[in-house]
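**Q** Pasting in a structure now, in structure tokens, and then I'll have a few things to ask.
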Amino acid sequence: MDLVRYCESHGSQGDPQLANAYRYRDYLVRAFNNDVPYDQLVREQIAGDLLPEPRWNTEEQFNESAIGPAHLRMVERGFVPVDALEDQVKVVDNLIDVYSKTFLGLTASCARCHNHKFDPISQEDFYALYGVFVNGRPGQVLMTHPTHSTGTAPS
């Protein structure tokens, strides 16, 4: 949880709370307790809300995989920033830093200004990742199965 900078607030002026942040913590605890394979856990962290066959919590009847990308919301965000574009750049740079350290085992932030001296990360790679993260928009994902209301569980 430290690697993805788990937090329950934004960490800025006013320190607004992150609603339902505990769900991400509980998701990780359940994943480790259920011995979810590491490769599956990584897929869920990166794109769990997009998986065609998500991991289903049969006990509580909800889509576990959709919670994985919640760590992308756990970054310091400005509270009414003076320069919205500069704040966006800082947020995306932070996301790339977290992603590269956590899932690639590399530091990529220095490639923002120049090709990495020791790791195979170029400026082109950095800005390709930047393009991915800057175009991601927070949204809402259906956590329950569409047939849940009829009492049938997914197969």
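What follows draws every value from the coordinates through simple rules; no lab data is involved. Quantities reported herein were computed from a predicted structural model and do not represent experimental measurements. Backbone-built Cβ (ideal geometry, glycine too); neighbour counts: all protein chains shown.
**Q** Sorted by average packing, counted as other Cβ atoms within 10 angstrom per residue and highest first, what order do 96-102, 34-40, 19-25, 124-130 take?
**A** Result, highest mean Cβ count within 10 Å first: 96-102, 124-130, 19-25, 34-40.
**Q** Among 110-123, 53-66, what's the highest-first ranking by average C-beta atoms within 10 angstrom per residue?
**A** Going by the mean number of other Cβ atoms within 10 Å, highest first, we get 53-66, 110-123.
**Q** By how many nm would the segment from Glu60 to Asn115 lengthen if fully extended, with 0.36 nm per residue of separation less the alpha-carbon distance?
**A** 15.1 nm
**Q** Can you give me the long-range amide H partners of Trp56? Hydrogens built in the peptide plane at 1.01 Å from N, cutoff under 5 Å, separation of 5 or more residues or another chain.
**A** Correct list: Glu64.
**Q** Run the numbers for Val42 and Val80: contour at 0.36 nm per residue of separation, minus the present Cα-Cα distance, in nm.
**A** Fully extending the segment from Val42 to Val80 adds 10.4 nm.
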